[in-house]
Amino acid sequence: MAVSYNVTIDQGANWDLNVEYDNPNATPVNLTSYTAALQIRSLPESATAVLSLSTGSGITITGATGLVAISATATQTRAIDEGTYYYDLEITSPAGVVTRLVQGQAVVTPEVTR
């Protein structure tokens, strides 16, 4: 079951989020050879994502530590209108098993300085 975690993204600024995936005994899950994807949409059922990141393009996985590092550039966040959105982060194992790690609302605050 995914963890619910709401985030704030400052429009026009870099945005980083680190997610650790741990076993029930608090040891990291080995994510070697996994891939990941994150999308943000205005509504979960919206056809178009306002931001899409994936492994090698905004998402880095550090295998043995269970760390998934998410990073969006200032240019990417500037392209998102202010407001409340929905996001989730899914990882895919080498065997093709998809797990949703985290989900929630993403509030984009307006940029004033341009």
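Condition check ((1) modelled with pLDDT of 95 or more; (2) under 16 Å from the mean Cα position of the chain (by Cα)) across all residues:
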{"position": "VAL7", "(1), (2)": "yes, yes"}
{"position": "ALA26", "(1), (2)": "no, no"}
{"position": "LEU38", "(1), (2)": "yes, yes"}
{"position": "GLU45", "(1), (2)": "yes, no"}
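Can you tell me which residue in segment 72-114 is farthest from ALA36 (Cα to Cα), limited to those that are assigned to a helix (DSSP H, G or I) and open to solvent by 70 Å² or more (accessible area, probe 1.4 Å)?
Here the residue is ARG78.
So which residues in segment 33-53 are farther than 21 Å from GLN105 by Cβ and surrounded by 13 or more Cβ atoms within 10 Å (Cβ to Cβ), if there are any at all?
If the condition is that a residue be farther than 21 Å from GLN105 by Cβ and surrounded by 13 or more Cβ atoms within 10 Å (Cβ to Cβ), then TYR34, THR35 are the ones that fit.
Step by step: first the residues of segment 16-32, then only those that are open to solvent by less than 80 Å² (accessible area, probe 1.4 Å) and touching a strand residue (DSSP E or B) at 6+ places or on another chain (Cβ under 7 Å), then the one that is farthest from ALA95 (Cα to Cα). Which residue is that?
The qualifying residue farthest from ALA95 (Cα to Cα) is LEU17.
Open to solvent by less than 20 Å² (accessible area, probe 1.4 Å), touching a residue at least 12 places away in the same chain (Cβ under 8 Å), touching a Lys or Arg at 6+ places or on another chain (Cβ under 9 Å) and not polar (S, T, N, Q): is that true of ILE59 in this structure?
no
Would you confirm, using the coordinates I've provided, whether LEU67 is closer than 19 Å to THR109 by Cβ and surrounded by 15 or more Cβ atoms within 10 Å (Cβ to Cβ)?
No; evaluated as a whole, the condition is false for this residue.
Consider segment 3-40. How many of its residues are part of a loop (DSSP other than H, G, I, E, B), farther than 23 Å from VAL112 by Cα and either touching a Gly at 6+ places or on another chain (Cβ under 9 Å) or among the aromatic types (Phe, Trp, Tyr) (or both)?
10
The values are calculated or read from the model by the stated rules, or taken from the named source; none is laboratory data. The structure presented is a predicted model; accordingly, all values stated were derived computationally and were not measured. All Cβ positions, even for glycine, are placed from backbone atoms using ideal geometry, and neighbour counts span all protein chains on display. Surface accessibility is based on the protein's heavy atoms, side chains included, excluding ligands, DNA and RNA. Shrake-Rupley method; radii C 1.70, N 1.55, O 1.52, S 1.80 Å.
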